[in-house]
């Protein structure tokens, strides 16, 4: 390419700027300048395309482009003379005006003459080259057909017929893949892409194997979409290690209408997002399988008329204008797809075990890739093989080599490139039962203890995993505030992703695995564990899921390195494993009962030996009397959820400050037999956070609550029978957050609330009986946020806002959430 090609575009741009100045300052040359601007504006995109195409022009065309460059350069000199000419020199200005008219005609002649001839020549060459290429393709196809015709498969049938059968089956799969679900997804994506003019970059995201690419392909095949973009649709697969420059070249060439620009041998302009592009023809670019935001940002051209769909497992919220998250298949759609791959028809055949088929379909949880891979692996297999497969799936194990290679290994790509600690946190999720919400509080505690993260870092890991669609956050409206409880957020995970975590964790020798996880469904300790119990298990996390365990049911095992023990069970009585006494490094203990009634815990004194225990979570159990002789000096946090407390915390039964001398967080949630908060809690001098939530029978707080001098967070959320707060609450000088929301019978705030000099936030939504505020609230100089309902109390706070300029009063959103009922 000649050097003049590069200068032509720059001269033309500079000339347009000068001509615009002339239209404002020179009356005699204004008309010629406006016509030249219009003509050169039409030439500029063509010059830019030639400039960046990297294609060497024929000599005759190059010489004509050189002459155009000289003409534009002379025109620029002429324009500078026009601008420098004094207004009083009328004769000179008339001469310059005539020269401007000549320049206008010269440029117009080039546009109407040589330029149109070049276009006709290009059309002729394209037609000739296309015909020649099709002839070559047709010859290659005939030769390939002849070769395929001579090849047999398995002693019968032609390969051509076999390929055809596969194609037909695949098309049928796609046709049945989603049914109404696919139509709904396609409708929503079409609304985003066609229905919005002010947005240009859209996303289709979802977990691996959820049908994102299929949905994008269906959108591209839609007749309405094809008509809207006049068939100008480019579908590119980006993948994990793309040639970015080549992809940029393809996209830019497609947008410019020059498919020859896709060689990547030229430099795509980096200034595309800043240039004032005229509206060009509508184009749609689909970028499939995008893994990196850095790569994505280089492939997006925000040009009028051009729209981009990004298909990815990840949510690029900083780049995308709108995103559609792919929904998993409904029960009928999942069954149709599974039957199509397992039986070659859309329904369960009469000879098949219908109940067994439905159980296996349920294990796939609506994930298209799982349905297709598992269905194909079970095709033509005997019923006993199906029964075995169902059992393996329920335990999170692979059912065959194709299941591992085509599903689990493909899903593993999502995890491969995660940072080390983020990957470890993902693998930890396999430690929890399937189909259950995981309280975020448990995860955060666990990650803080074993991965050396602080709480903020652990929460950031959670958000990153959510953005990569490796888990789902289920949060209540109040979640995410600086003082919001992690109880307000829980985590769910698709069963296939959990199976992936188990698959990656279970590699290697069982005694050396970092996570030792008992499959759900086993009635006792797995035999493989018992066979290897003669050697220590070096796991950091031990997770067990069993039923009614007695003392004799536990084998002798050693876990010298275990830092987290998760005991999931379903029974009315549970004997804590004796080997807990030989867990010297245990830092977090989690006991969750999934039974219908609260379980009685036996062997609770074994906790005496856990000198390094820092976190204790008890759920749906009867809290035993804490007959512990040795103080648990390192215990920092206790959580009691859905427990029967009885008199286990009464001062006459236990001296809490002496047993838990360093406890800083105490949470009691959904404990319906808690009527009065034990007074011994008021002597826990290091307590920083006290949460009493959803305790519907709590009607009284201890009068000595003000003795908790270190308390910073006090949550009394959803305690409907609580009517008053003790006056001593005003002695909590370090209190920063007070949550009394949904205490519907609470009648007032304390009169001396101004003594809470550190108070930063009050949440008092749905406090229906509080109609007035103490006069002292205007002295709360540290108060920054108040959340309340939009009623009379709101306007009282708005008046206070005038005296406290840094105070922000917010109206609470109405939120009615009974999801927790489904969990228990």
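Values in this text are rule-based calculations from the coordinates and carry no lab data. Note that the structure is a prediction, hence the values are computed from the model and not measured. Please note: Cβ atoms are built from the backbone with ideal geometry, for glycine as well, and neighbour counts cover all protein chains shown.
Available extension along the chain between residue 197 and residue 362 is 55.3 nm, counting 0.36 nm per residue and deducting the alpha carbon span. Measuring between their Cα centroids, segment 428-454 and segment 505-519 lie 17 Å from each other. Suppose R0 equals 30 Å; then what is the FRET efficiency for residue 662 and residue 466 from their Cβ-Cβ distance, rounded to the nearest 0.05? Efficiency, rounded to the nearest 0.05: 0.35. Separation between the residue 70 and residue 109 pseudo-spin-labels, each 7 Å from Cα along Cα→Cβ, expressed in nm? Rounded to a tenth, the inter-label distance reads 1.4 nm. Our note on the geometry: Cα centres of segment 566-598 and segment 616-664, 15 Å apart.
Between residue 573 and residue 512, what FRET efficiency follows from the Cβ-Cβ distance if R0 is 35 Å, with the result rounded to 0.05? The calculated FRET efficiency here is 0.55. Using R0 = 25 Å, the C-beta based FRET efficiency linking residue 534 and residue 581 works out to 0.85. Length available on full extension from residue 227 to residue 86: 0.36 nm per residue minus the Cα-Cα distance, which gives 45.2 nm.
For segment 626-736, what relative contact order do you get, as a whole percent, if you take Cα pairs closer than 8 Å and at least 6 residues apart?
Relative contact order, segment 626-736: 22 percent.
Taking a ≥ b ≥ c as the square roots of the eigenvalues of the Cα gyration tensor, segment 666-824 is classed as oblate, since a/c reaches at least 1.5 and a/b does not exceed b/c.
Label zone (residue 710, point 7 Å along Cα-to-C-beta; backbone nitrogen cut-off 20 Å) within segment 723-746: 729-738.
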